1. Between D232 and S290, what FRET efficiency follows from the Cβ-Cβ distance if R0 is 25 Å, with the result rounded to 0.05?
2. How large is the convex hull of the C-alpha atoms of the range 174-325 per residue, in Å³?
3. Please report, in debye to the nearest 20, how large the charge dipole of the range 5-47 is about its Cα centre when each Lys and Arg carries +1 at its beta carbon and each Asp and Glu carries -1 there.
4. At 0.890 mPa s and 25 °C, plugging the Kirkwood radius over alpha-carbon pairs of the range 5-47 into Stokes-Einstein gives what diffusion coefficient in µm²/s?
5. Compute the distance in nm between two label points, each set 7 Å from the Cα along the Cα-to-Cβ direction, one at E243 and one at D191.
6. Along the Cα→Cβ direction, 7 angstrom out, place labels at T217 and E342. What is the inter-label distance in nm?
7. Express in nm, to one decimal, how much length is gained between E132 and N42 on full extension, taking 0.36 nm for each residue of separation and deducting their alpha carbon distance.
8. If the cut-off is a Cα-Cα distance under 18 Å, which aspartates and glutamates reach K10, setting aside same-chain residues fewer than 8 apart in sequence?
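Where a number appears in this text, it was derived from the coordinates with a stated rule and is not lab data. None of the values given here were measured: they were computed from a predicted structure. Virtual Cβ from ideal backbone geometry, glycine too; neighbours counted across all protein chains shown.
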Amino acid sequence: MAVTMRDVAKAAGVSPASVSFALRGDPRIKQETARHIIDVANRMNYSVNITAKSLRSGRTGVIEAAVFQLDRPFYAQLLAGVSNAAFDRGIQAVAQQISTGKVGHEKSILEKVANKFCDGVILSAGGLSDAEIIELSGGKPVVLLDDQSYQGPFDSVFTPCENGAEAAVTHLFEIGCERVGLIGTDFMPADQACRSMHVGDRRLIGCHRAFERHERTLTKADTIQLFDWGTDDAYRAVSRRIEEGDFPFDGLFCMTDAIAFGTLRALREHGIGVPDDVAVIGFDGVREGSYSAPTLSTIAVDIDKLAREAVDILCERIEEGRYGAPAMPKHVTVGYEVLVRESSNRTR
C-alpha cells in the first residue's frame, strides 16, 4: 500500500499540514522541522501524488525553463541551478531548447504553458514581443531571462551586461593592452547601442564606456563579428583574421566564455602566446574555464543566484494566482566578479 501524507505525519510526530508545508518549501515551517519531515518522508519512500495534487490545486507542480542552446556551458549551468532551486521548493523543472531565430519554437513553448502543461515558465524570448508573450502565455506567470524590452511588463532577471563588459575591457587596458578587440559583437555607435536591449548590444555599451574612460574611441575595426555565439564560430573567425594578416590586437574581450574557448584554441594553433602576446577575458564564469589551457579569465556572473532569483519570482507569482502580467514587475540584475586567471595574468 502506498505511503500517504498522514502516514508521514504520524511517523514524524507532526500534523499533515506541516508535512505539506515542508514538502513544498513553505517558509512558515522551521527549517529544522522541515528537514526532519523530509528525512522521514525519504525513509518511508513517500512520493507526492502529482495527479491528485494537481486536481486539488489546479497546478501541476512543474515549471519550465526554455533557453536558446542547451549545449552551451552557460545555459547548462543555469538550468542546473534552476533545477536545484525548484527542487528546494518542492517542485519540478523541465528544460526546453529554443533554436535561435525560430520564433515558432518560442510560441510553442508559451502555448504549452497556456494549455496547463506547467504552472509557469522562465523564458529567453528574444524573438517575441511583449504583446505576443501576453497573448500566448494565457495569463500564466512568465519570468524573462535578459528581457529585451526596456522595463517591460514582465518580471525579468538580467546578467550584468553593461557593467560586466566595462569591467572586462577596463581590466585589459589596466594590464597594459594597447589594442583591445571585441569578439562576438556587431559594431554600432554608443548612442545607437543605448537604444537596444539585446544582450550583445548591452555588453557593447559597457565596452564603449571602458574605451571612453581610457580616452579611446571604439570603432568597427576593433570588433570581430560572429554568426553564432559558439566555440566553433569563434575559432573559425579568429583563425581567418590571423591568416589574413588582419589581427592587430594584444587584448581580447570575448562576449561569452564559449567564444573565449574557441579563441584560445585559434591563438594557440597559430603560435600566438596567451597572455604575453594577447590577453583574453570572457564573460559568464562557467566552470569549464577553470580547466581550459590556459585557464580563462572571465566576468564571473553569479549564475546560481540568477537561477534562484528566476525560480523564486516565478513561484511567488504562481502562489499569487493572479491572471496576466504583474502590476509591478520585478527587474533583478545579478552581480559579478572579475576573475583573473592565466589567460590575462601578466604579473607572473
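1. On the way: r = 22 Å, r/R0 = 0.86.
Efficiency, from the Cβ-Cβ distance: 0.70.
2. Details: hull volume 21.2 nm³, N = 152.
Hull volume over Cα atoms, normalised by residue count, gives 140 Å³.
3. Working: 7 positive and 4 negative charges, 11 e Å.
So the dipole magnitude of the range 5-47 works out to roughly 60 debye.
4. Working: Rh = 9.8 Å.
This corresponds to a translational diffusion coefficient of 251 µm²/s.
5. Placing both labels 7 Å along Cα→Cβ, they lie 4.1 nm apart.
6. That separation, rounded to one decimal, is 4.0 nm.
7. Fully extending the segment from E132 to N42 adds 28.1 nm.
8. Once the sequence-local aspartates and glutamates are set aside, what remains near K10 is E32, D39.
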